Structure formats: C-alpha cells, structure tokens
Amino acid sequence: MNYITPEKVGISSENIIDFIEKLEDAKLSTHSLILAKGDNIFFESYWKPFDKEFLHRQYSVSKSIVSIAIGFCEQDGLLSLDDRISKHFPKECEKQTDENLLNQTIRDMLTMSTAKTDRYWFADKPKDRVAYYFENDKSDTRPPGTIFDYDSSASFVLGALTERLTKKPFMEYLREKLFDKIGVSKEAYCLKAPGGHSWGDSGVLCTSLDLLKIARFVMNKGRWNGEQILNEKYITDATSNLIDTNITGENDYDMQGYGYQIWRFKYNGFFFNGMGCQFAVCIPDKNLIMIYNGDNQGKTAPKRIIFDAFCENIVNKMGNASPCVGDCNRLKEYTAKLKLSSAIGKIHTDFEKEINGVTYIVNKENPMGITKFKLDFEGDNGIFSYTNAQGDKEIAFGMCKNEFTFFPQEGYADEIGTEKTIKFYYKCAASAAWIEEKKLFIKVQIIDKYFGNLNITFGFKGNKVGVWMQKAAEDFLNEYEGILEGEMQL
C-alpha cells in the first residue's frame, strides 16, 4: 500500500485533527489509527508507546478473521455452510439431547443465530472448550437460525472446525491461503483456549497494518492484485445484512444487521468489531477504511464517540475526487505528540505530604484481601505498596504521566486462556493524579497480549481512608474490585 497526504484523497488534514481531538477530549485510550482510501494510506499514527510493529490483541475482530477461514474451507470443498455442526463433532455431541443444538448449522453459527445462550467459560474453566460448548445443558433453547444472540463460543467452535478439517491451526491455514499473498506479518498469531484449540473468537494478535490489509481484502470482495483469492459470493454474503440486530428498536451503529461474523455499518458499510474498541470500518461507496485500535473496556460511550467523530469528520467531509487544501505539516506536528492516555488532575497537593510514606492498616475483610498499604511520593512519581494474599506488591506510577512497568499480580493466563501462569506478569502503564485536595486516583492500564484497566481511588478523612477499586478486564484483575477501609498505623 502507498502513502499519500489526506489532501490528495479530498480531505483536509484539519478534519483529521478535529477527529483526533474529539477522541482526546473524551479521554479515550487510543493506541493506533489508520485511514486509507483505495490502496493509499492517507493517515497513520500510533500513540506512544505503541508502534506499527506492535502485535495488538484484536479480541472479537478475531471472529471476522475466522469467518474468512470458513469461507476458504467452503471453497476448498471441506464443508457446506448448511452442514449441521454435529456432523463434524459427533463424539462431542454424543450426550447432547437438545435437537435444536444438534440441528444447528454452520450458517446459523456464522450469523449468531444459535440454539442456546452462550455460557461463561471463564468462570467454569473447562479443560476442553470445544467439548464444553457441546455439553451445554441449559434448558433454554430455540430453533437455530431464528434470533440474533451474540454467541462468542460458537465463533470459537467455528475456528476449531477449520482446524479439524484442515488439520492445522487456522492462522496457519490462512497464512497459506491468504496472509502471505496480501503481506500479513509473519509474527501474527492466535492464542490458545483450553483443549489446544486456537482462541478464534478473541485471541488473534496482529499489527494495525495487518488488520488494514485483511479489511482491504474483504472490501475488495476477495480480490488482491487482480487475483480472486476467495470467491466473491461468500464475501458478499459475509458483509451483507443477513439477520436483524435491532432487537431494541433503536438505530445505533451495531444495529444495522449482521452477516457472517461481520457487522453492518451505516453508509452501506460494514465493520469488524472488537471488545475495548478494535475496529476495521469499511465504507465501500467511498473506498474508505478506518482501523482503530485501543482499549476502552468498561465504558459504553467510546464506540459511539469514535464512530460519530469518524462519520462527522472523515466520511461526511471526504470528497469523491478533487484534491483539497490543508496543512499536513501541522497534522504531523500534532500527531507526533500523541501518547497513551493517563490520569488527569493535579500533580501535587499540600495534603500529599501528610500521607507520604504512611502505612495504613486494613482490619476488616475486603474483596481484595489487602491487609495494609502505603503511598510514597518522590518528585513527579510515586509507588503504591500493598500486601495481599500473594504477599507484598508494588505499583510504580507517574503523576499525570504514565510509568511503564509490570503489574505485580501473578497467576494470570499467558498463551492459553484461563490457564494460570506463575512468575509471569503483564506489562502495564500506571499514572495517578489528585482529583481533589484529599482524593488520589490511580489509573492502571494493562498493555500486553491481554488488555484491561484498573481504577483505584483513595479518599482520605482524618486518620482513615476509603479505597475503591474497579476493574475492566475479561478474566483477570478479579482480585482488584471492591471497597475497603484503612486506618493510619500508629
């Protein structure tokens, strides 16, 4: 793909600045943004410390990539979309008595119109997630193909199906069929789920440019450099409105319909949709693609903010032909300063000196299992030290700036979801700010192959302090949610 200025595709650099300013004003945790028209990238930026080589966890964007693999399996004659899934997993279905699940087809699973409501495998922690799916003993059932109901585990099973049929990891299969042809990085891969299957509904890691190439391939209806790699019919169906998603009667961005693991978008577009805001938004009528990677888990507003800003400042402002005038140098200067969001407030207060280095004892049981803690400040940095069930821990933070370190809790998953790993720690960014004279806020962002965030607020009163912790992460930071009371150690 080529690089050109925004002005050459009929959009002003000022429009892009306005777009990004809306994201920054909303305090979103943005990691990267790419805008492309045709084979031309007219904007690409990474919020430090992220860069173009970073393999970003794509979460549910992975589902759209699994859909492409299913398309190749159909093209290779390995399956029919109207096959019942039980045909391909007979052993796993031996004890299943629900006829709706047994009659469920691959097409039903692609369109998220399955027979049963998904179970929360993170809590149950099965040894084999494929078997766990087919052992679903919920009494609730419905005819497959009737109602859209987001079923992440069905997407996972589709990924496992490609591996059963091709006898290789689905990313390796796609490497042979597609990735090498379109230039997806050799390092792109997928995490595993219990049982050894690829975590196809959530575990793909690739660069932002990799995602752009995959989205471009789909928007080209399966073509690349003049070659029809995947049949056009499958791609056309995959990006069409095959099932209604507007069950509440509203008209939001994710209520425009659904194809094969791909969401419809306004402007006759479609998008890949990942938890925390991983997006590949395609507007075929304008030959336009937006790639956004970030982590805004736990918040409902960011998706709308991103999409509204994209539509207002890019889609609606882009001319179809003639170049326009703009200051691309100002855009370069502006984006060169972009960095990962951090806590906002005051760097210091007079009260800080009163609690600097003071140990607080926690006499009451609390959800975090914390027994004591203290805050140490030095210059524009600090350390939150605490003792929990694992022992003594420390989180180093910057004041209104990020300190890059490792989150001290161990036992979280690494290459296999839900599988505990000892002496392994996630990379994180931690920042803090005084949001009131006697109230400190610490913001922790996990920025590894897993993403998540943790908010900690300390409110001081006399010789006591109230602490509130809230996490937004799929299957970790569970030890950091709740409230507690601490008292100064005399």
Mind giving me the FRET efficiency for residue 139 and residue 91? R0 is 25 Å, r the Cβ-Cβ distance, nearest 0.05 is fine. 0.60
Just to confirm the filter: which trypsin sites (Lys or Arg not before Pro) across the stretch 97-195 are DSSP coil and have at most 11 other Cβ within 10 angstrom of their Cβ? 127, 167, 186
What accessible area, in Å² to the nearest ten, does a 1.4 Å probe give for residue 332? 130
Relative intensity, log₁₀ I(q)/I(0), of the stretch 330-470 from a Debye sum that treats every alpha carbon as a point, q = 0.14, 0.16 Å⁻¹: -0.70, -0.89
Amide hydrogen neighbours beyond the local backbone of residue 411, cut-off 5 Å, H modeled: 421, 423, 424
What GluC sites (Glu not before Pro) does the stretch 33-125 have in DSSP loop regions with at most 16 other beta carbons within 10 Å? 53, 94
Relative contact order, percent, the stretch 105-184 [alpha-carbon distance under 8 Å, six or more residues apart]: 36
May I ask for log10 I(q)/I(0) of the stretch 1-86 at q = 0.17, 0.26 Å⁻¹, from a Debye sum over the Cα atoms as equal point scatterers with solvent left out? -0.88, -1.29
Just to confirm the filter: which GluC sites (Glu not before Pro) across the stretch 433-490 are DSSP coil and have at most 14 other Cβ within 10 angstrom of their Cβ? 437
In Å and whole numbers, how far do the C-alpha atoms of the stretch 171-240 stretch along each principal axis, longest first? 38, 24, 20
Summing -39500 (n - 2.57) over every DSSP H run of at least 4 residues in the chain and dividing by its residue count gives a helix-only mean residue ellipticity at 222 nm, to the nearest 500 deg cm²/dmol, of -6000 deg cm²/dmol
With θ set to phi - 60° and the Karplus curve 6.51 cos²θ - 1.76 cosθ + 1.60, what are the ³J(HN,Hα) couplings of the stretch 447-457 in order, to the nearest whole Hz, using x for Gly and Pro? 10, 10, 5, 10, 10, x, 9, 9, 10, 10, 10
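May I ask you to compute the full-extension gain from residue 164 to residue 117, defined as 0.36 nm times their residue separation minus their alpha-carbon distance, rounded to one decimal in nm?
14.5 nm
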Wrap a convex hull around the Cα atoms of the chain, take a quarter of its surface area, and give that in square nanometres. 24.5
FRET efficiency, residue 350 to residue 299 (Cβ-Cβ, R0 25 Å, nearest 0.05): 0.20
What accessible area, in Å² to the nearest ten, does a 1.4 Å probe give for residue 50? 20
Using the Cβ atoms and a cut-off under 15 Å, what net charge is assigned to the surroundings of residue 369, where Lys and Arg are +1 and Asp and Glu are -1? -2
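The values are calculated or read from the model by the stated rules, or taken from the named source; none is laboratory data. Computed from a predicted structure; not experimentally measured. Neighbour counts are summed over all protein chains in view; Cβ atoms, including those assigned to glycine, are modelled from backbone coordinates with ideal geometry. For accessibility, only protein heavy atoms count, side chains too; no ligands or nucleic acids. Shrake-Rupley method; radii C 1.70, N 1.55, O 1.52, S 1.80 Å.
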